[in-house]
Structures are given as structure tokens and as C-alpha cells.
1. Scan Ala61, Ala34 and give me the residue that is under 29 Å from Phe160 (Cβ atoms), surrounded by 16 or more Cβ atoms within 10 Å (Cβ to Cβ) and either touching a Pro at 6+ places or on another chain (Cβ under 8 Å) or touching a residue at least 40 places away in the same chain (Cβ under 8 Å) (or both).
2. Inspect the stretch 143-154 for any residue being touching a residue at least 24 places away in the same chain (Cβ under 8 Å), of a type in the set (Gly, Ala, Ser) and more than 26 Å from Glu52 (Cβ to Cβ) and give the result as yes or no.
3. Can you find a residue that is in contact with a Lys or Arg (Cβ under 6 Å, 6 or more places away or on another chain), under 14 Å from Val78 (Cα atoms) and surrounded by 10 or more Cβ atoms within 10 Å (Cβ to Cβ) anywhere in the stretch 154-164?
4. What's the total number of residues in the stretch 58-81 that are closer than 23 Å to Gln141 by Cα and assigned to a helix (DSSP H, G or I)?
5. Glu168 versus (1) loosely packed, with under 10 Cβ neighbours inside 10 Å; (2) on the phi > 0 side of the Ramachandran plot: which is the lone unmet condition?
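Any read-out appearing in this document is the output of simple, stated calculations on the displayed coordinates, not a laboratory observation. Just so you know, these numbers come straight off a predicted model, no measurement behind them. All Cβ positions, glycine included, derive from the backbone under ideal geometry; neighbour counts span all protein chains shown.
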Amino acid sequence: MESFASLIKQRRSIRQFTDELLKPEEVESILKAALMAPASKRKNPWQFIVVEDKAMLQRLAGCKEHGAAFLEGCALAVVVLGNVMESDVWIEDTAIASIYMQLQAEELGLGSCWCQIRSRVTAEETDANEYVRALLNIPYQLDVLSIIAFGHKAQERKPFDEEKLQWEKIHIGTYPAE
């Protein structure tokens, strides 16, 4: 990428991946980005589970009724966890680490997509966090924020159209009176 501006313009959610596996150095680069993400008071309340096993990816794809099927086709998924006993801002800290991984993937020419887990349910109305927790043996103090899917892009998406920027959502100095 030429610049950060072009990186964020190019990064789009990719839900279709090729069968090609990621190289170890690509995985390492993505995980390094997560570990370098800022965190409140540098508590680093995040932890990550890397999943490449196709059978487990298929099971993880059942974590929600809608919006998780793409996990089955990715090369690698990173389950993003936050220690709820370590930080009151674990959600924010883990969200930042998640997007750092996605931006790193884009810089490498890889696709990624965020699968929201927190506050979601399976088709059977089971809490998605509890579903993933049971599958991956996650201890009680860790909650699942998201699962980020990574892989080689099997679809191309147009860059973000700057003509569609919602400048009306920007307010200078104060929120305008109605």
C-alpha cells in the first residue's frame, strides 16, 4: 500500500476465500499487529485463539444464525478474547486489536471479515459467547468479542467510495441544536 489513507480506502470485508493457506510469516505478521495494538493502561486484556482446523472452522461457523457462514471457508480464524476481570475497557481494547489485524491483512493483500460474537445468539438461541467458549475450552474470565476470518481473496470489492462519506455526521465544536 502506498499510504495509510489508501489502506483504509481499500480494506473491505471479504467473505469469500480461496483454498490457499496462509504462509507462516503472514500469520505471524497478523498476530504481531494484534500484540502491538494499544490498550488502556497497557493492561493488554486480550488473548487470541488461532484456528486453522477445517472441522473446527465449520463448527465455529455455527456460532450465529446469520453472518458467520464465511468462517467455514477461511484459511485461518482468530478468536478475539478479552479478560473481563483485568480491564473495564476490554471491549474497546480487543476491538482495536481486531482492526489492527484486519489492516495488517489488507497490507499483505489478504482478505478478512469480522464476525461479531458478543451479544449475539446461535440459531438455537444459545448465547454465541457460550457456544464458542464451549467449543474452544475458554476459561470463565475471558469473553469472546469476535472471530476474525482471514484468507486469500476469492472476491474483489471496490475501494470505499469517498463520494459516500457522511460528512453530515461530523460536528465542529458542539452538536447542532435541532
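1. On the way: Ala61 fails: either touching a Pro at 6+ places or on another chain (Cβ under 8 Å) or touching a residue at least 40 places away in the same chain (Cβ under 8 Å) (or both).
Of the residues listed, the single one that is under 29 Å from Phe160 (Cβ atoms), surrounded by 16 or more Cβ atoms within 10 Å (Cβ to Cβ) and either touching a Pro at 6+ places or on another chain (Cβ under 8 Å) or touching a residue at least 40 places away in the same chain (Cβ under 8 Å) (or both) is Ala34.
2. From the stretch 143-154, those touching a residue at least 24 places away in the same chain (Cβ under 8 Å) are 143-154; that's our starting set.
Still in the running and of a type in the set (Gly, Ala, Ser): 146, 149, 151, 154.
Now drop any that are not more than 26 Å from Glu52 (Cβ to Cβ), which leaves none.
There is no residue in the stretch 143-154 that is touching a residue at least 24 places away in the same chain (Cβ under 8 Å), of a type in the set (Gly, Ala, Ser) and more than 26 Å from Glu52 (Cβ to Cβ).
3. In the first step, residues of the stretch 154-164 are kept if they are in contact with a Lys or Arg (Cβ under 6 Å, 6 or more places away or on another chain); the result is 157, 159-160.
In the following step, the residues that additionally are under 14 Å from Val78 (Cα atoms) were identified as none.
No: the stretch 154-164 contains no residue that is in contact with a Lys or Arg (Cβ under 6 Å, 6 or more places away or on another chain), under 14 Å from Val78 (Cα atoms) and surrounded by 10 or more Cβ atoms within 10 Å (Cβ to Cβ).
4. Going through the stretch 58-81 one residue at a time, the tally reaches 2.
5. Condition not satisfied by Glu168: (2).
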